[in-house]
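The values are calculated or read from the model by the stated rules, or taken from the named source; none is laboratory data. Quick caveat: nothing in here was measured; it's all calculated off a predicted structure. Counting neighbours? That spans all protein chains shown, and the Cβs are built from the backbone with ideal geometry, glycine included. SASA here: full protein model, heavy atoms, side chains in, ligands and nucleic acids out. Shrake-Rupley method; radii C 1.70, N 1.55, O 1.52, S 1.80 Å.
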Amino acid sequence: MNMLRLNVRVALCPAWVLALVLLINLPVQAQAPAAPRSTGFLLKNFKDESGDHKYTVFVPQNYTPSKKWPVILFLHGAGERGTDGSLPTTYGIGPLVRERAANFPFVVVFPQCETMNGRILTAWSADSPDGQRALKILEQVEKDYTIDTKREILTGWSMGGFGTWALAASFPERWSAVVPVAGGGEVAWGEKLKNVPIWAWHGRLDRGVRPEQSRKMVEAIRAAGGNPRYTEPTSGDHNIWVQSYGDDSLYAWMLSPQSDPAKLKPVTARSTDPKAAPLTVGTAIPFVPALDMPRAGYLRLGNEALSAVADAVPKIVPPSMLSGRLQDISDYTESQGYGFQVYMSGISWNAQLSRAVIKAYRKDRLNVQLALSNAQVTIGSTSLSGERHSAQAGPIGIVIGHQQPVWLSIDVTPTVVNRKLRFKYLGSRFQIPDNNWYVTAPAGVSTRGFGMTEDKVSNGLVSGLYGKKGMLEQKVEGIVPTLIAELEKKVDQALATKTVAGAWPLPVYEPQLRVWPQDVSTDEQGISLVMGATAGAVDPYKPPKSVRTVDLHGPSAGSLAPSKKLQVGLIPGMIAPLTEMAVEADVFRIHVGDTPSPVLAKLAEISVLSEAIPDLKRFGDQGQVWTELALAGPIGISDTGDKKPALETRSLKLRVSFKANAASAEWQPYAEFDLSLRQSFAPSLIRPTSLTRAVVLSLDGPVEIEVAGRFAAGYTPQNDTLDLAKVQSLFKEGWDDFVNYGGAPQVDLPDVDFGYTKLRADEVAWSAPSLSTSFGPAGVKITNSSDKPLVYETKGPYSGWGGPYTLKPGDHHDFPISYPMLFRRTVGTSYEMFTLPVGSHSEYRSKVAGTPAKLWQAREPEDMVKTAETAAAPASPPADEKK
């Protein structure tokens, strides 16, 4: 539930890297004022006896009232509670619907839970105000739109997953399909749900809501005679909604829940537009700056990383950035005793970028070299005018680099100006070899005046242009400032639209962070860029009066070690001001029964608490307690002194309220305990598979907990004993259960993908005050799982064929490269050839016993219940290329 967004996530924003690359092309959402719409995501208002309630409805793009539409009711997680009506669309099914908005065939209803401090697990139940209102909003949508009420689909994630089980059990005949995601419920509901079409999802690595919650529900329904579907991806965590709602077969199943989804035709698909924005969350949340944090992180782009970036540039540069128009040319010349004014207009250019090289080579100097091939300059028209003679010529072509690329070399100094990355232009070099360019004769010439002939004019123009090579070189170099300005614009756009997340230890409220360049330094090994971060207001509708600034005292750009690799550093100390901001907004309080730990939940049982508070025994079995955890001060990260970080807080509150019996009207404050906690941990890099990397946060020693307590003001106990040691023991047992469940917390570290090249994490290190990750070439791995030697050759994008290499049975070869690699081996009289993607693992084996071995995608640990076997991608040119 966002309720328990407890998985620590280290967000690596590849845009930080790509923003430094010349000629990037990142999609940016247009910000033009939106016209009134009748389809898409529409903010609506529902009015009842308690007032106005905002909600969102998604209406299909091709909606027509002449057709009955299936409807999905989506119940959100705890992090999206509020009254704005938009937050429910930012996590869960909403972002995936946005990806499919062009063809999504369902009306989707997004009600919002408005109860902020109540129980989370029961927030959407049929007897709760929010659960009842959600059903009334669904009924309102069914009045406003033409809905097929026989195809009402119920789904929800996290807190909404619990609500999905609850509403399904309360109204089992109503729903045509039910999809609980990362939820849970009561096993007693099994009998009620046995005839309901259900497809439940849960991530095996979910530490926020443990997968046992879904497993027990599925087992109970099966025991009652039902047949629910259940998917538990082995790599899935609490954000399993990305996989579940991203699976197009789920939507086909929703319309035909008695069928095998693998056999159904898709009813929707994500956009295939290459310009479409990638999956984003939080897009409906207004970003209102509240907290500035200078020196919050850094990026080190060493020359090895810059080389990987450069190799990708020719593949990602759009044609529009390799074409344009040049200024008209006005000149004067003399020929055969006559003087002529020459005017060339309509000049355009285009080129092919065949290679790029980016290298830092000394202090404040970055060199970018672009290899231009078949660069064409077209002069639309040329006019010559003299006292008695004149001529007009049609298009003239100038072709540069037809034999081999011609290099354009650019020197810049990266700087930061007003939180924007700028590239100060220092100079450029572009020299055209005499044998690597030519001029075409004009297409048509007309003349006026004695002695002026078409041939003379044509030859004169061509020879004249051959004599102007220096001018052409200057014209090409004159394009550079425009390219730099375009680069700076795209850097600004990329950073302005990026909202990133960092390591976050709280079970509620995940901050919005926007990063900005603060300081940059260039040396002979690479570029160092220090980033500041701005956090958005916890409640954007109640922003602070001013933006607070907290310096995190991270390193300066000039103090970073001159590594040649890519390094990304985060200052975990940002957790302190961020949690302080959350405390001020009073968003961190949670009933212990809503935590993922059943051991912590025991602190809400009167029989357990009475061991520490004997006074509770006087209420007997009729007494009830409400126990919640609340954060009253910041959480910090400190250094243990032995190069290991520690999470600590001295402001955790355990608050107990009571009722003498169930008939009592209100909870009465009873006791409060002050907890201080310190837990050290050791971050390290692990390799879950040959293709993936993750950081594991292993606990380093037992947790340190101190407890102080008192009875609430105004309450007089009959027995004033408080067994603080028992409270400490109970809380420590719950903490240990929470942090040790499923092993040490593990965070995936995705490859840094530049579109053609890739880098992969190879080291994680803590050096106060920063936690850093370094990245090296993602590489290509080949394993021989056959019983015969494999003989093959390889080729990179700028090299000839290497080898032959012989790979013995049972062995593997690793190629530490950041780019795709061509593979070929001799089969009979021809070559079998494949393109092996960077970061891939290929396996030479027989697909079926007794058949010839072939190169296949290697079999990694299964992620889903079943996996598909995929052959390596064939190369281009075709694999039957002759020897």
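Just add up the charged neighbours of residue 608: K/R +1, D/E -1, any other residue whose Cβ is under 10 Å from the Cβ of residue 608.
Net of charged neighbours comes to 0.
PRE reach from residue 443 (point 7 Å along Cα→Cβ): which of the stretch 375-403 fall under 15 Å by backbone N?
Residues 376-382, 393-399 qualify, since their backbone N sits under 15 Å from the label point.
May I ask for the net charge around residue 790, where only other residues with Cβ less than 15 Å from the Cβ of residue 790 are counted and Lys, Arg are +1 while Asp, Glu are -1?
+1
Tell me the per residue accessible area of the chain using a 1.4 Å probe; a whole number in Å² is fine.
Ligands and nucleic acids excluded, the result is 44 Å² per residue.
Rounded to the nearest 10 degrees, what's the angle between the helix 129-144 long axis and the longest principal axis of the chain, both from Cα atoms, 0 to 90?
The answer is roughly 50 degrees.
Would you work out the relative contact order for the stretch 744-840, in percent, from Cα pairs under 8 angstrom that are 6 or more residues apart?
For the stretch 744-840, the relative contact order is 26 percent.
Considering Cα pairs under 8 angstrom that are at least six residues apart, work out the relative contact order of the chain and quote it in whole percent.
10 percent
Take each of the peptides 814-824, 780-790, average the number of other beta-carbon atoms within 10 Å over its residues, and list them starting from the highest.
814-824, 780-790
For a Förster distance of 22 Å, can you work out the FRET efficiency between the beta-carbons of residue 710 and residue 640, rounded to the nearest 0.05?
0.10
Pop a pseudo-label 7 angstrom from the Cα along the beta-carbon direction at both residue 188 and residue 429 and give the gap in nm to one decimal.
The answer from the label model is 8.3 nm.
Taking 18 Å as the cut-off for C-alpha to C-alpha distance, list the pairs among 363/564; 315/564; 659/732; 359/424 that go past it.
315/564; 659/732
Could you go through the stretch 675-682 in sequence order and give the Karplus-derived ³J(HN,Hα) for each residue, using 6.51 cos²θ - 1.76 cosθ + 1.60 with θ = phi - 60°, rounded to whole Hz, and x for Gly and Pro?
Working through the residues one at a time gives 10, 10, 9, 9, 10, 8, 8, 10 Hz.
Starting from the amide H of residue 560, placed 1.01 Å from N in the peptide plane, find each other amide H under 5 Å away whose residue is 5 or more places distant or on another chain.
none
Using θ = phi - 60° and the Karplus relation 6.51 cos²θ - 1.76 cosθ + 1.60, list the HN-Hα couplings for the stretch 456-473 in order, rounded to whole Hz, with x at every Gly or Pro.
Each residue of the stretch 456-473 in turn: 4, 5, 4, 5, x, 5, 4, 5, x, 5, 4, x, 10, 4, x, 5, 4, 4 Hz.
Grab the Cα-Cα distance for residue 632 and residue 765, subtract it from 0.36 nm times how many residues apart they are, and report the gain in nm with one decimal.
44.8 nm
To the nearest 10 degrees, how steep is helix 212-223 against the longest Cα principal axis of the chain, on a 0 to 90 scale?
The answer is roughly 70 degrees.
Do any GluC sites (Glu not before Pro) in the stretch 380-479 lie in a DSSP loop with no more than 10 other beta carbon atoms within 10 Å, and if so, which?
In loop regions of the stretch 380-479 (DSSP not H, G, I, E or B), the sparsely surrounded GluC sites (Glu not before Pro) are 387.
If R₀ is 51 angstrom, what is the calculated FRET efficiency for the pair residue 61 and residue 332, using the beta carbon separation as r and rounding to 0.05?
0.25
Can you run phi through the Karplus equation (6.51, -1.76, 1.60; θ = phi - 60°) for the stretch 513-519 and list ³J(HN,Hα) in whole Hz, with x for Gly and Pro?
10, 10, 9, 8, x, 10, 7
To check my understanding: the extent here is largest minus smallest coordinate of the Cα atoms along each principal axis. What are those three numbers for the stretch 293-375, in Å, largest first?
68, 27, 27
Non-local amide H neighbours of residue 240 (under 5 Å, H modeled in plane, Pro and chain starts lacking H): which ones?
Sorted by chain and number, the residues that satisfy this are 203.
For the chain, with all protein chains present and a 1.4 Å probe, just round the carbon and sulfur fraction of the accessible area to a whole percent.
C and S atoms contribute 50 percent here.
For residue 39, project a label point 7 Å along Cα to C-beta. Then give me every residue of the stretch 94-115 with its amide nitrogen under 16 Å of that point.
Label zone hits: 97-108.
Return the subset of 781/854; 490/542; 44/542; 420/758; 489/545; 68/263 for which the Cα-Cα distance in this structure is over 23 Å, preserving the input order.
490/542; 420/758; 489/545; 68/263
Can you give the calculated 222 nm mean residue ellipticity of the chain, where each DSSP H run of n ≥ 4 adds -39,500 (n - 2.57) and the sum is split over every residue, rounded to the nearest 500 deg cm²/dmol?
-5000 deg cm²/dmol
Can you tell me the FRET efficiency between residue 453 and residue 378 if r is taken as the Cβ-Cβ distance and R0 is 22 Å, rounded to the nearest 0.05?
With a Förster radius of 22 Å, E is 0.35.
Chymotrypsin sites (Phe, Trp or Tyr not before Pro) within the stretch 784-816: which are DSSP loop residues with at most 13 other Cβ atoms inside 10 Å?
Hits after loop and neighbour filter: 798, 801.
Taking H placed 1.01 Å from N in the peptide plane, check which residues at least 5 places from residue 381 or on another chain put their amide H under 5 Å from its amide H.
Distant-sequence amide H within range of residue 381: 345.
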